[in-house]
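Engineer: Can you keep this structure in mind? I'll have questions shortly.
The values are calculated or read from the model by the stated rules, or taken from the named source; none is laboratory data. Predicted, not measured: the structure shown is a model, and the values here were computed from it. Quick reminder, even Gly has a Cβ in these numbers, built from the backbone with ideal geometry, and neighbours come from all protein chains shown.
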Amino acid sequence: MGDELSTEPLATTAGPRPPSLPLGRHPRDLVALLLAAAVVALCAWVARGEGVNPVELAIYEQIERIPSASAAVWRVFSWAGSWPGIAVAGTVALYLKRVRLGLECVAAGAVGWVLAGVLNGLVGYRPVPLELFGLEGIRLPGPEGFPFPSSHTAVAAAMVSVAGPYLKARYRHLGWVLVVLVAAADVYLGYHLPVGVFAGAFLGWGVGAAFHLVLGAPGRQTSAAAVHQALARSGLAPEKIVQVRGHVLGPLQYTVTTATGDRLRVEVVRRLHRRAGPWYRLRRLLASLEVEDEPPLSSTYHEAEHEALVTLLAEHGGVRTPPIVLACQAPDGSSLLVRRQIEGRRLTRLGADEITDALLDSVWALVARLGEARIAHHDLRAKNFLVDDAATPWLLNLTLGKVGADTKRTTGDVAEALVSITSVAGVERAVASAARVLPAETLEAALTYLQPLALPRRIRKQLSDERYLLTDLRETLAERIDRPIPPFRSPVRPATVVGLLLFGGAIYTLLPQLASLRAVLESLNEASWTWLVITVVTGLVAIVFAAVSVIGSSLDRLPFWHTTAVQTAAAFTGRTTPGGVGFFGINVAFMERLGIRRSRAVGVAMLNIAGTGVLGGVWSVVGAFGVGTAGLLTGVSIPHTWPVVAAVAGVVAVAVAVLASPFGRRKVIRPALQMTRDLAATLRTPRRAVQLFGGAAAYLAVSGLGLVTSLAAFGAQAPVAAVLTVFVIGQTFGHIIPTPGGLGAVESLMVGGLAAIGTQPTIAVAAVLTSRLLTYWLPVLPGIAVFRYLQHHRII
């Protein structure tokens with residue numbers, strides 16, 4: 001919608017020629033081909049190895065338990081992946097006059113069958129000793145073993161993959177259901193093991209992707225001819241259509257000149273944009289404010305109609321936005337959104353001298369009118385403001401718009417606009433222009449949304465230095481309107497708590513299976529209550545030392561008792577959120593209340609986490625070597641076969657490549673160097689060094705004593721130093737897994753560590769579960785009460 005995008009004629013059409021159904025290629029076909037090849041290669045490596053995974057045999061035996069009366073049905077499914085299936089698919093396609101589809105299905109099925117035979121010749125059969133099968137009446141392999149891969153599954157997957165672009169979504173999904181049934185039939189009839197059918201499915205998928213790359217497929221692009229036909233059918237009489245050269249991952253757009261001289265902009269909607277991914281949902285769930293999910297849209301045409309409706313209502317409410325002409329569909333099924341062409345440049349393309357105060361005021365007036373019309377934009381990036389030749393701003397791309405929005409949603413728009421204008425005009429000018437146009441009450445409400453978890457990544461990444469500029473924006477706005485920074489709100493939601501309870505229940509139910517659930521329960525009944533009470537005390541005392549460590553991380557003086565209370569509340573907010581997000585947030589909010597600027601408070605929290613992590617890492621390495629030197633480790637060995645060495649070398653190579661990349665330097669190297677400098681500065685101040693590292697060491701030691709006392713409660717004897725080392729290793733490395741409190745990973749590491757130093761599995765499981773429950777999860781309950789107290793007294 002602006003001439004900042006090149007309008008070089010990549011594809012042009014004129015006149016009333018009837019276009020054919022467009023065929024094209026897409027980068028995702030190449031990605032699919034490479035991924036399929038990698039998976040097949042990995043499965044082939046597994047198939048050539050000695051022995052068979054017990055899990056694979058267990059799956060095979062479970063499928064064999066299906067009643068034998070269904071054998072005839074499974075044979076029919078197996079035929080669907082052989083030559084009869086190829087013949088039927090080709091015949092049906094030809095009967096429906098889909099000649100190209102029929103020929104491709106036959107060719108793809110044949111290629112899948114040939115490639116499966118070639119792989120079988122290269123990999124060979126998988127011999128399985130008959131004594132490994134524990135189920136009577138099971139279908140046993142031939143004398144050579146199981147072939148690899150499954151040719152039936154490969155043929156079925158190849159035909160379904162090739163036919164996918166020609167079919168509607170529901171039929172495409174049914175096709176893949178058929179592939180799964182063919183794979184299950186091959187396993188049930190005793191033809192292949194699960195790895196064989198898994199490789200066959202990916203082999204067929206790769207064959208289909210290769211056909212799409214070589215021959216093209218419908219739906220891979222929307223041609224100018226298809227756009228011409230759709231517009232002509234709608235009565236717009238297009239004369240000239242030119243594809244706009246935009247971002248490679250952006251939407252496909254065309255400029256159109258009609259017979260009446262009108263200039264139009266056509267956007268091709270090929271996928272749903274309003275579908276939030278799991279990571280976005282997780283971040284909004286952790287934000288300290290309630291967020292309502294958007295209702296899903298059913299199709300791309302539904303999305304185009306939705307955007308057209310929102311645009312019309314915004315225009316009716318006085319918002320300048322390019323007028324909608326129509327929404328229609330192209331012959332290939334993609335949806336088209338047609339607008340009037342407005343000549344101009346995006347706000348991000350203007351020079352610094354062109355972004356005047358008058359222009360910024362006009363932009364904020366657009367945001368205000370949008371809010372008055374009760375419409376939430378949800379994507380107020382700077383590039384979605386178009387400035388025409390008269391320096392008048394226009395609002396673009398209402399794809400994510402919400403009609404009838406409440407105040408919370410429109411306030412979120414104000415926060416997004418603050419970030420966007422900051423990215424092009426700086427913090428001071430963004431805040432000053434917003435204060436000239438919007439009332440202080442609106443800007444005060446927007447303060448709550450100026451936090452990383454509440455803003456989508458597409459908004460935050462506009463800032464060159466997201467961490468500090470967002471903090472500076474929040475504090476500058478609070479000072480400008482003379483309002484306090486909003487109090488900290490718990491990032492824990494009911495859904496999070498329910499999920500945590502379910503996940504914790506699963507861990508605490510499945511982990512004892514490593515030993516004997518019955519034996520673990522009997523041990524719990526015989527535990528010493530005195531030692532269990534001492535275990536509870538260690539968990540509470542450890543919080544005090546955590547507060548000392550936080551005090552040592554700050555250059556500013558922190559009150560001891562209030563800091564201790566905040567760490568008690570952090571037992572609730574930090575241990576129930578992935579990655580300890582709640583611990584980080586509550587400490588930052590506490591320091592802000594003391595008058596410490598947010599950027600400095602963030603540095604204190606990060607320094608504390610880094611200091612504790614470094615200490616835990618050093619303790620883990622030194623302790624592990626010490627325990628090994630003392631001869632306390634039993635039955636522990638490091639695998640050193642060539643696949644393991646190759647895997648380790650690959651991981652190291654990938655890690656080096658990531659660290660050497662611009663992303664690694666920006667996200668890992670620079671923060672690590674900054675943390676190193678901060679830790680070095682702390683060491684130069686003896687008092688702070690003792691508080692930071694001494695507090696962290698005492699926290700780990702006292703918490704580890706909780707594991708020692710838990711072992712004592714079950715009558716187990718183990719060297720205290722070895723148990724402390726096991727605890728620190730589990731606590732330090734288990735929390736790398738992004739689950740609340742490292743749930744699952746920490747327990748598994750500790751159980752394995754205790755078993756390695758000679759503790760009976762039953763006692764190890766019982767002691768670890770009890771210790772974690774009493775020292776780590778039980779303090780969450782007083783943490784909730786203290787959290788509410790601190791909120792009531794506005795300490796956080």
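Engineer: Going through segment 64-84 one residue at a time, which ones are more than 17 Å from residue 192 (Cα to Cα) and either acidic (Asp, Glu) or part of a helix (DSSP H, G or I) (or both)?
Structural biologist: Those that are more than 17 Å from residue 192 (Cα to Cα) and either acidic (Asp, Glu) or part of a helix (DSSP H, G or I) (or both): 68, 69, 70, 72, 73, 83, 84.
Engineer: Out of curiosity, is residue 424 hydrophobic (A, V, I, L, M, F, W, C) and under 30 Å from residue 252 (Cβ atoms)?
Structural biologist: So residue 424 fits the description; yes.
Engineer: Hey, which of the helices (runs of 4 or more DSSP H) in segment 411-496, taking only ones fully inside, have at least 1 residues that are of a type in the set (Lys, Arg) and either at pLDDT below 90 or not assigned by TED's automatic domain parsing to the domain that holds residue 361 (or both)?
Structural biologist: 457-460, 466-480
Engineer: Return yes when residue 336 is touching a Cys at 6+ places or on another chain (Cβ under 7 Å) and over 21 Å from residue 437 (Cβ atoms) and no when it is not.
Structural biologist: yes
Engineer: Next question. Quick one: how many residues across segment 754-773 are of a type in the set (Ser, Thr, Tyr) and free of Cβ contacts under 8 Å to residues at least 60 places away in the same chain?
Structural biologist: 1
Engineer: Within the bounds of segment 740-758, is there any residue that is touching a strand residue (DSSP E or B) at 6+ places or on another chain (Cβ under 8 Å), surrounded by 18 or more Cβ atoms within 10 Å (Cβ to Cβ) and not in a helix (DSSP H, G or I)?
Structural biologist: Yes; the residues of segment 740-758 include at least one that is touching a strand residue (DSSP E or B) at 6+ places or on another chain (Cβ under 8 Å), surrounded by 18 or more Cβ atoms within 10 Å (Cβ to Cβ) and not in a helix (DSSP H, G or I).
Engineer: I've got another one for you. Condition test on residue 669, is it among the β-branched types (Val, Ile, Thr), without any contact (Cβ under 8 Å) to a residue 40 or more places away in the chain and outside any helix (DSSP H, G or I)? Can you show your working first?
Structural biologist: Working: among the β-branched types (Val, Ile, Thr): yes; without any contact (Cβ under 8 Å) to a residue 40 or more places away in the chain: yes; outside any helix (DSSP H, G or I): no.
It is false that residue 669 is among the β-branched types (Val, Ile, Thr), without any contact (Cβ under 8 Å) to a residue 40 or more places away in the chain and outside any helix (DSSP H, G or I).
Engineer: Still on this model: Could you grab me the full set of residues in segment 454-473 that are closer than 10 Å to residue 419 by Cα and either surrounded by 17 or more Cβ atoms within 10 Å (Cβ to Cβ) or in contact (Cβ under 8 Å) with a residue 12 or more places away in the chain (or both)?
Structural biologist: So in segment 454-473, the residues closer than 10 Å to residue 419 by Cα come out as 455, 459-463, 466, 469-470, 473.
Within segment 454-473, 455, 459, 460, 462, 463, 466, 469, 470, 473 qualify.
Engineer: What residue, among those in segment 589-608 that are touching a residue at least 60 places away in the same chain (Cβ under 8 Å) and within 17 Å of residue 562 (Cβ to Cβ), is surrounded by the fewest Cβ atoms within 10 Å (Cβ to Cβ)?
Structural biologist: Here is the first cut: in segment 589-608, the residues touching a residue at least 60 places away in the same chain (Cβ under 8 Å) are 589-590, 592-593, 597-599, 602-603, 606-608.
Now drop any that are not within 17 Å of residue 562 (Cβ to Cβ), which leaves 589-590, 592-593, 608.
Numbers: 589: 23, 590: 26, 592: 24, 593: 19, 608: 23.
Ranking the candidates gives 593 first.
Engineer: I need a count of the residues in segment 68-122 that are under 19 Å from residue 215 (Cβ atoms) and β-branched (Val, Ile, Thr).
Structural biologist: 5
Engineer: If you don't mind, there's one more thing I want to ask. Looking at residue 214 and the list (1) modelled with pLDDT of 70 or more; (2) farther than 30 Å from residue 44 by Cβ, which single condition is not satisfied?
Structural biologist: (2)
Engineer: So, one more: Residue by residue through segment 527-561, note down the ones that are closer than 20 Å to residue 687 by Cα and not aliphatic (A, V, I, L, M).
Structural biologist: Scanning segment 527-561 gives 545, 549, 552, 553, 554, 556, 557, 559, 560, 561.
Engineer: Which of the residues belonging to segment 776-796 are exposed (fewer than 15 other Cβ atoms within 10 Å of the Cβ) and among the aliphatic types (A, V, I, L, M)?
Structural biologist: Taking segment 776-796 as the starting set, the residues that turn out to be exposed (fewer than 15 other Cβ atoms within 10 Å of the Cβ) are 781, 785, 788-789, 792-794.
Those that are exposed (fewer than 15 other Cβ atoms within 10 Å of the Cβ) and among the aliphatic types (A, V, I, L, M): 781, 785.
Engineer: With the condition kept exactly as written, say whether any residue in segment 524-542 is modelled with pLDDT of 85 or more and within 18 Å of residue 608 (Cβ to Cβ).
Structural biologist: Yes.
Engineer: Related question: Against the condition within 14 Å of residue 612 (Cα to Cα) and over 37 Å from the mean Cα position of the chain (by Cα), how does residue 720 come out, does it pass?
Structural biologist: The answer is no for residue 720.
Engineer: Quick one: would you say residue 93 is more than 20 Å from residue 49 (Cβ to Cβ), at pLDDT 90 or above and either in contact with a helix residue (DSSP H, G or I) (Cβ under 7 Å, 6 or more places away or on another chain) or not basic (Lys, Arg) (or both)?
Structural biologist: No.
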